[in-house]
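Asks: Got a structure for you, written out below as C-alpha cells; questions coming shortly.
Derivation of every value follows stated rules applied to the coordinates shown; laboratory data play no part. Worth saying up front: this structure is predicted, and the values here are computed from it rather than measured. Note: ideal-geometry Cβ built from the backbone for every residue, glycine included; neighbour counts use all protein chains shown.
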Amino acid sequence: MTDLYAVMGNPINHSKSPTIHSKFAEQAKQDLVYSAMLVPTEGFEPAVKDFFKGHGRGLNITVPFKEKAYQLANSLTPRAQTAEAVNTLVLQEDGTIMGDNTDGAGLVRDLVMNQKVDIAGKKLLVIGAGGAVRGILQPFLEQAPESITIVNRTFEKAQLLANSFEEYGDIKAKGFDELTEPFDVIINGTSASLAGELPPLPDAVIAQHTCVYDMMYGKELTPFLQWAQQQGAEKVIDGLGMLVEQAAVSFEIWRGVKPNSIEVLQDLREHLLA
Ligand code: ATR
C-alpha cells in the first residue's frame with residue numbers, strides 16, 4: 001500500500017506543502033501520496049490518531065497546531081524540545097509518534113547553503129519573539145554567530161526568550177531604540193507584514209553588507225524587504241527558500257533521501273508565485 005503523508009492546519013487551502021512534497025517524491029522516485037488536511041480547531045488529536053491508524057507515515061503540522069503537536073508527540077528531538085513546537089510528526093516502528101521541528105534547520109540551510117550567507121562569527125538581529133522565532137534560535141546558535149540580539153514590540157517577550165536560550169550562546173534582548181549599529185544578518189520573524197506594518201527599526205541597523213531575511217514571502221518583495229533595500233541593503237531574501245528547505249528536511253527524515261530542493265524552489269518561484 002502507498003505510504004500517506006499530509007499537512008494538517010487550519011486554514012490549509014493556501015498550503016504549498018502538497019506541491020513541494022509531491023515534487024520531491026517525483027524527483028526521488030518515492031511511492032507516496034501527500035495531501036492537505038483541514039482539521040477543526042478542537043479536533044487535532046483524533047485527526048492525528050486516525051491518520052496514523054491507517055497508512056499514514058508522517059505529518060507536517062502548521063498554524064495553529066504546532067504546540068498541540070509538541071504535546072501530543074511520544075518523543076521529541078532536542079530541537080523540537082527547545083522550540084517547544086513541532087512541525088513534523090513521524091510514525092516510529094514501535095507505533096509511537098516522534099515530534100521534530102525542521103523550521104530552524106530549513107532557515108539555516110536556505111541562508112548558508114542556498115544563499116551562501118555565513119553566520120559563524122556574525123552579528124545577528126532577530127525581530128519578533130513568537131513561536132516562529134523560538135523555533136529558529138537554537139539552530140542559529142549552533143552556527144556560532146558572534147551574537148544574537150532579539151527585539152520585539154513587547155520587550156518582555158524578547159527578554160524571556162533571550163533568557164531561555166542563554167546557555168547556548170551570546171544572546172540578548174534589546175529595545176528598538178537601543179539599536180545604534182549595523183548588523184551582518186537581520187531576520188524578520190514577526191507577523192507585522194500581515195497587518196501591512198513594519199517593525200520600528202532604526203535605519204542604523206542596515207549597512208550595505210547587511211543581509212536581510214524575511215520569513216514571509218509573496219509575489220512581490222515584502223514591505224520589510226523593500227524598506228531594507230531602500231536603506232541600502234544589497235542582499236534581501238524572502239522566506240520561500242525556508243519553506244522549501246524545512247520541507248526537504250522533513251522529507252529526508254521520513255524517506256531517508258535528500259530531495260533536490262533548489263530545483264523545487266526555482267519551480268515555485270517561476271510558477272506558483274507568478
Ligand atoms: P508566530 O508563532 O507566527 O511567531 P506569534 O506567536 O503570534 O506568531 O508572534 C508574532 C510576532 O510578531 C510577535 O513577536 C509579535 O510581537 P508581540 O510579541 O509584541 O505581539 C510580532 N508582531 C505582530 N504584529 C506586529 C506588528 N504590527 N508590529 C510589530 N511586531 C508585530
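Asks: Considering the Cα trace of the stretch 1-67, what is its radius of gyration and what is Dmax, both in angstroms?
Replies: Computed over the Cα atoms of the stretch 1-67, radius of gyration and Dmax are 11.9, 36 Å.
Asks: Between Phe155 and Tyr168, what length comes free when the chain is fully extended (0.36 nm per residue of separation minus the Cα-Cα distance, one decimal in nm)?
Replies: That pair, Phe155 and Tyr168, stretches by 2.6 nm at full extension.
Asks: Here's a follow-up. Under a point spin-label approximation (7 Å from Cα along Cα-to-Cβ), what is the Glu197-Met1 distance to one decimal in nm?
Replies: The modelled label-to-label distance comes out at 4.8 nm.
Asks: Per 10 Å bin, what is the whole-percent P(r) computed from every C-alpha pair distance within the chain?
Replies: Spelled out per bin, shortest first, that is 7, 29, 35, 22, 6, 1.
Asks: Right, next: Once you keep just the Cα pairs under 8 angstrom separated by 6 or more residues, what percentage relative contact order results for the stretch 104-238?
Replies: 21
Asks: Could you calculate the FRET efficiency of Asp31 with Val63 from 1/(1 + (r/R0)^6), where r is the beta carbon distance between them and R0 is 30 Å, rounded to 0.05?
Replies: Plugging the Cβ-Cβ distance into 1/(1 + (r/R0)^6) gives 0.50.
Asks: Normalised radius of gyration for the stretch 104-238, please: alpha carbon Rg relative to 2.2 N^0.38 Å, two decimal places.
Replies: That works out to 0.94 for the stretch 104-238.
Asks: Can you tell me how much longer the chain between Arg269 and Ala204 gets when fully stretched, taken as 0.36 nm per residue apart minus their C-alpha distance, in nm with one decimal?
Replies: 20.3 nm
Asks: Does anything in the stretch 139-167 have its amide N under 17 Å from the 7 Å Cα→Cβ label point of Glu181, and if so which residues?
Replies: 145-151
Asks: Moving on. For the stretch 89-94, just list the computed ³J(HN,Hα) in residue order, Karplus coefficients 6.51, -1.76 and 1.60, θ = phi - 60°, integers in Hz, with x standing in for Gly and Pro.
Replies: 10, 10, 6, 8, 4, 7
Asks: Over the stretch 206-255, calculate the relative contact order: mean separation of alpha carbon pairs under 8 Å at least 6 apart, over the residue count, as a percent.
Replies: With pairs under 8 Å counted, the relative contact order is 41 percent.
Asks: Relative to the present Cα-Cα distance, how much length would full extension add between Thr96 and Lys219 at 0.36 nm per residue of separation?
Replies: Gain on extension, Thr96 to Lys219, equals 40.3 nm.
Asks: Something else now. Expressed as a rounded percentage, what relative contact order does the chain have, with Cα pairs under 8 Å and six or more residues apart?
Replies: 16
Asks: Kindly work out what percent of the DSSP beta bridges joining two residues of the chain are antiparallel, to the nearest 5.
Replies: Restricted to the chain, the bridges split so that about 20 percent are antiparallel.
Asks: When all alpha-carbon pairs of the stretch 1-159 are counted, what percent fall beyond 29 Å?
Replies: So the portion of pairs separated by more than 29 Å is 24 percent.
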